[in-house]
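Working notes, structure below.
Quick note: the coordinates plus some simple rules give every number you see, no bench work behind them. Just so it is clear, the structure is predicted and the values come from calculations on it, not from any experiment. As a convention, Cβ positions derive from the backbone with ideal geometry for all residues, glycine included, and neighbour counts pool all protein chains shown.
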Amino acid sequence: MNGVMVVCFMLAFCFVFSGCTKETGTEVVKKEPEKVETDTSENEPAEPAAQKVVEDYFIYIHAKNQEKADSLFYQKSKHDYGFSTLEEIKLLSIKENKSKNIRKSFVTRGMGQVYGTRIENVRIYEAEYEVKYTANHHGPLDSGEHWIMFSVVRDNEGSPWLIGDLGQ
C-alpha cells in the first residue's frame, strides 16, 4: 500500500510541477495603464478679483462695516458677524485651492447647484486668520488663529466675483 501511495504522490508531483517548467517565449505582454482622471484646473489662470473679495471680507469685518461686508455675498441678506464682541480680525494668509474636485462638488452638491454656477466660475480659497474677541464673548470660536474656506462665484465672465459660501 505504501508503494501505491508513493507512486501516486510522484505522479501528482510531476503533473503539478511540469506546468512550471514549460518554456515560454520572449514576448513581453504590455498591460495598458489604468486611466486616471487628472486635475487640469491647476493650469487655469489666477483670478485676482476673486481673491480680492476674500481679502475685502476681512477688511470690512475688521472695520465693522455691515453694508460693505454684506455686499460681498452672492445671496443678498443681512449677516450676523458678531460685531458686538469683536475687537479685531486680520487675515494672515490666503491660498487658492485649485482642486477641480472641490469646485465640482460645490457645483453639483453645494450652493453652486442652487445658483446654477458653472465650474469655471468657481474659485475656492483657504484663509488663515487671527481674531480677538472681548472678554464677554460667547460664541463658537474663541480668540486666536483659525482657518476658513471661501467659495467665490460669479454668474459669467462679465459679472463680479462674490462669496457663494464659506465655512470650515
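Any idea what the dipole of the range 43-167 comes to, in debye rounded to 20, about its Cα centre with Lys/Arg Cβ at +1 and Asp/Glu Cβ at -1? Kindly include the intermediate steps, with their values, before the conclusion.
Numbers: 16 positive and 19 negative charges, 88 e Å.
Charge dipole, the range 43-167, about its Cα centre: 420 debye, nearest 20.
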Under 18 Å from the Lys90 label point (7 Å along Cα→beta-carbon), backbone N, the range 110-131: 127-131
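Sort 156-167, 96-107 by the packing proxy (mean of other Cβ within 10 Å over each peptide's residues), most packed first. Provide the component values of the computation, followed by the final result.
Values: 156-167: 14.4, 96-107: 17.5.
Packing order, densest peptide first, comes out as 96-107, 156-167.
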Label point distance in nm, Glu157-Ala63, each placed 7 Å from Cα along Cα→Cβ: 3.2
Under 15 Å, Cα to Cα: Lys pairs in the range 43-167, sequence gap 8 or more or different chains: 9
Per-residue HN-Hα couplings for the range 156-168 [Karplus 6.51, -1.76, 1.60; θ = phi - 60°; Hz; x = Gly/Pro]: 7, 4, x, 9, x, 7, 9, 6, x, 6, 8, x, 7
